[in-house]
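Participant: Got a structure here, written out as structure tokens. Questions coming.
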Amino acid sequence: MNASQAARDPEAERLDARLRDWMTTAPAGFTQAGRNLGARYGLDAAGATRLDREFDALALDLFEYQTNRIEVYRTFAAAGDRRATPQRAVDVPALPLVAFKQARVAAFPPARECAVFHTSGTTDGRPGKLHLDDLSLYELSLARGFRHHVLPDLDRIRMLLVVGTAREMPHSSLAYMLDHVRQLWGTAESGHFVQDGKVQYAAFVAAVRLACRDREPVCLMGTALAWVQILDACAAEGFRVVLPEGSRVFETGGYKGRTRELSRADLAAGFEPHFGIPATHVVSEYGMTEMASQYYTTSLRAALLDTPLDQAVWSHPAWLRPHWLDPERGTLLEVAEASGIGLLAHHDLANRGSVAHLLTADLGSAHDAGFDLAGRCPQADPRGCGLVYETLPLVRAP
């Protein structure tokens with residue numbers, strides 16, 4: 001018997017099959033405006049109730065599976081006021097992200113590991129690590145969420161990526177994600193414009209001009225902090241083009257770096273003067289290495305499909321839910337029950353191999369059943385996939 005056979009986990013296989021079946025058919029993101037989650041998914045009352053029950057059932061099964069197999073989570077869940085058996089998803093203890101720096105948070109032995117992603121690190125220099133024994137749920141969540149929010153109208157598009165390849169950055173979840181979507185939907189003319197740790201600005205500008213010449217829409221993809229560098233270089237050099245109709249931007253990463261603070265709205269507005277892409281066609285993504293799923297903005301989908309969508313909240317697939325840490329009682333709430341500003345927790349059912357319910361240091365401002373980001377807890381370290389790109393040098397000439 002080889003190591004992989006010895007490490008086989010029938011319960012993991014059963015959960016993966018259940019999750020794949022549900023994630024294949026569950027809503028991949030918001031489709032319309034509404035004051036509650038069901039309405040935003042376009043569901044009637046019965047459909048919304050059924051979705052809640054399915055989420056709760058899977059969340060509770062994952063909690064049992066993960067506490068049985070992950071010592072640090074089992075210890076955390078058994079401590080203090082968290083000893084009661086959860087009855088709903090919101091009752092499941094949310095493990096603080098700092099645990100991923102301090103212990104191996106994985107529901108399987110090292111022999112079964114097929115990938116490990118590192119956070120970009122914080123000012124303390126200690127990265128968190130996400131260990132994976134299977135990438136199918138990770139890739140399914142990415143594909144459905146990305147297609148719904150970034151490519152609702154096209155089967156393929158030319159992608160110009162200001163991020164290193166997965167080969168160059170093997171422990172970067174962002175590099176893996178963008179490589180994967182490029183393979184799924186990128187045309188042959190797609191390319192990466194970070195090499196050996198440097199933004200290849202001259203090559204990027206040449207690729208933008210080529211897309212204009214070919215009259216082919218493009219998707220510009222990269223982190224917020226990398227885009228700020230490029231937009232600053234464009235402004236300094238007076239670079240201006242109008243990319244073909246249907247072009248769009250996908251940007252991810254933090255808006256608060258170690259040297260200056262960024263506004264998501266200002267960044268989105270910065271693409272039109274230099275690339276002719278309106279702010280409505282800029283999709284922002286919010287996620288983290290420790291999660292398999294992501295949140296997205298909806299202005300592109302609303303503009304392309306002429307659909308009313310609430311721009312004040314982040315859209316997310318049905319298998320990912322935000323929760324709210326009540327600052328007074330110290331208990332988690334559904335976002336619909338919350339008010340004001342509080343710490344965000346994310347319940348990501350695609351996280352079968354680690355912990356599904358995670359407590360962040362991100363602050364959120366509640367809007368009905370949704371939220372908008374309101375910065376980070378003042379005591380928290382800056383972090384995020386954007387930090388690694390904050391000081392990347394630009395290569396201005398071939």
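The values are calculated or read from the model by the stated rules, or taken from the named source; none is laboratory data. Predicted, not measured: the structure shown is a model, and the values here were computed from it. For neighbour counting, all protein chains shown are included, and Cβ atoms are generated from backbone atoms with ideal geometry for every residue, glycine included. To get the accessible areas, we keep the full protein, side chains included, count just its heavy atoms, and leave off ligands, DNA and RNA. Shrake-Rupley method; radii C 1.70, N 1.55, O 1.52, S 1.80 Å.
Participant: Rounded to a whole number of µm²/s, how large is the Stokes-Einstein D of the stretch 153-214 at 4 °C and 1.567 mPa s, given Rh as the Kirkwood radius over C-alpha pairs? Please list the in-between numbers first.
Facilitator: Working: Rh = 12.1 Å.
In µm²/s, the coefficient is 107.
Participant: Still on this structure: Taking H as built 1.01 Å from N, whose amide H comes closer than 5 Å to the amide H of THR187, not counting residues under 5 places away?
Facilitator: Sorted by chain and number, the residues that satisfy this are ILE157, ARG158, MET159.
Participant: Here is a further query. Along the Cα-to-C-beta direction of LEU305, a point sits 7 Å from the Cα; which residues of the stretch 32-76 have their amide N less than 13 Å from that point?
Facilitator: 32-33, 40-43
Participant: Just the Cα atoms of the stretch 180-228, one point each, no solvent: what log10 I(q)/I(0) does Debye give at q = 0.13, 0.22, 0.29 Å⁻¹?
Facilitator: One equal scatterer on each Cα of the stretch 180-228 leads to -0.33, -0.94, -1.31.
Participant: Let me ask you something else. Mind giving me the FRET efficiency for ASP326 and ARG167? R0 is 41 Å, r the Cβ-Cβ distance, nearest 0.05 is fine. Please report the intermediate quantities before stating the final value.
Facilitator: Values: r = 44 Å, r/R0 = 1.08.
The pair ASP326/ARG167 has a calculated efficiency of 0.40.
Participant: Among residues other than ALA111 whose Cβ falls under 12 Å from its Cβ, what is the net charge (Lys/Arg +1, Asp/Glu -1)?
Facilitator: Numbers: positive: ARG8, ARG112; negative: ASP9, GLU113, ASP133.
So the surrounding residues net to -1.
Participant: Hey, if you put +1 on the Cβ of every Lys and Arg and -1 on every Asp and Glu Cβ in the stretch 36-126, which of PHE63, PRO109, LEU95 ends up farthest toward the positive end of that dipole?
Facilitator: PRO109
Participant: Once you list every other residue whose beta carbon is under 14 Å from the beta carbon of LEU220, what net charge do they have if Lys and Arg are +1 and Asp and Glu are -1? Could you put the intermediate results ahead of the total?
Facilitator: Working: positive: ARG158, ARG182, ARG209, ARG248; negative: GLU189, GLU216, GLU251, GLU272, GLU285.
That sum, taken over residues with Cβ under 14 Å, equals -1.
Participant: Follow-up question, since we're still on this one. Computed over the Cα atoms of the stretch 96-228, what is the ratio Rg over Rh, Rh following Kirkwood?
Facilitator: Details: Rg = 16.8 Å, Rh = 16.5 Å.
Taking Rg over the Kirkwood Rh, I get 1.02.
Participant: Now for a different question. Based on DSSP H runs of at least 4 residues, each adding -39500 (n - 2.57), what is the mean residue ellipticity at 222 nm of the chain after dividing by all its residues, to the nearest 500 deg cm²/dmol?
Facilitator: On the way: 13 runs with 134 residues, N = 398.
Using -39500 (n - 2.57) per qualifying helix, the result is -10000 deg cm²/dmol.
Participant: In the stretch 116-267, if the dipole is taken from +1 on Lys/Arg beta carbons and -1 on Asp/Glu beta carbons about the Cα centre, which of THR119, PRO244, GLN229 is farthest to the positive end?
Facilitator: Of THR119, PRO244, GLN229, it is GLN229.
Participant: May I ask for the distance between the Cα centers of the stretch 102-151 and the stretch 41-100, given as a whole number of Å?
Facilitator: Comparing the Cα centres of the stretch 102-151 and the stretch 41-100, I get a distance of 19 Å.
Participant: Moving to a separate point now. For a quick protection proxy, order the peptides 90-99, 146-155 by their average other-Cβ count within 10 Å, most packed first. Please report the intermediate quantities before stating the final value.
Facilitator: Numbers: 90-99: 21.0, 146-155: 18.0.
Ranking, from highest mean packing down: 90-99, 146-155.
Participant: Using a 10 angstrom cutoff on alpha carbons, build the Gaussian network for the chain and name the most mobile of HIS316, HIS357, HIS180.
Facilitator: With Cα springs under 10 Å in the chain, the top fluctuation among HIS316, HIS357, HIS180 is at HIS180.
Participant: Would you mind calculating the gained length between VAL242 and VAL72 on full extension (0.36 nm times residue separation, minus the Cα-Cα distance), in nm to one decimal?
Facilitator: 56.0 nm
Participant: Students often check this: by mean Cβ neighbours within 10 Å, which of 44-52, 282-290 ranks highest, and how do the rest follow?
Facilitator: By packing density, highest mean first, the sequence is 282-290, 44-52.
Participant: Determine the share of the chain's accessible area contributed by carbon and sulfur atoms, expressed in whole percent, with a 1.4 angstrom probe.
Facilitator: On the way: 8430 of 16850 Å².
Whole-percent figure for carbon plus sulfur exposure: 50.
Participant: How charged is the neighbourhood of ALA33? Take every other residue with its Cβ under 14 Å from the Cβ of ALA33, and add Lys/Arg as +1 and Asp/Glu as -1. Write out the running numbers ahead of the final one.
Facilitator: Numbers: positive: ARG35, ARG40, ARG301; negative: ASP306, ASP310, ASP368.
Here the charged neighbours net out to 0.
Participant: Residues of the chain: accessible area per residue at 1.4 Å, in Å²? Each step should come with its number before you reach the end.
Facilitator: Details: 16850 Å² over 398 residues.
Ligands and nucleic acids excluded, the result is 42 Å² per residue.
Participant: Heads up, I need the accessible area for ILE341: 1.4 angstrom probe, whole protein in place, Å², nearest 10.
Facilitator: Per-residue accessible area (ILE341): approximately 100 Å².
Participant: Protein chains only, probe 1.4 Å: how do GLU216, GLU189 rank by accessible area, largest first?
Facilitator: On the way: GLU216 50, GLU189 95 Å².
If we order GLU216, GLU189 from most to least accessible, we get GLU189, GLU216.
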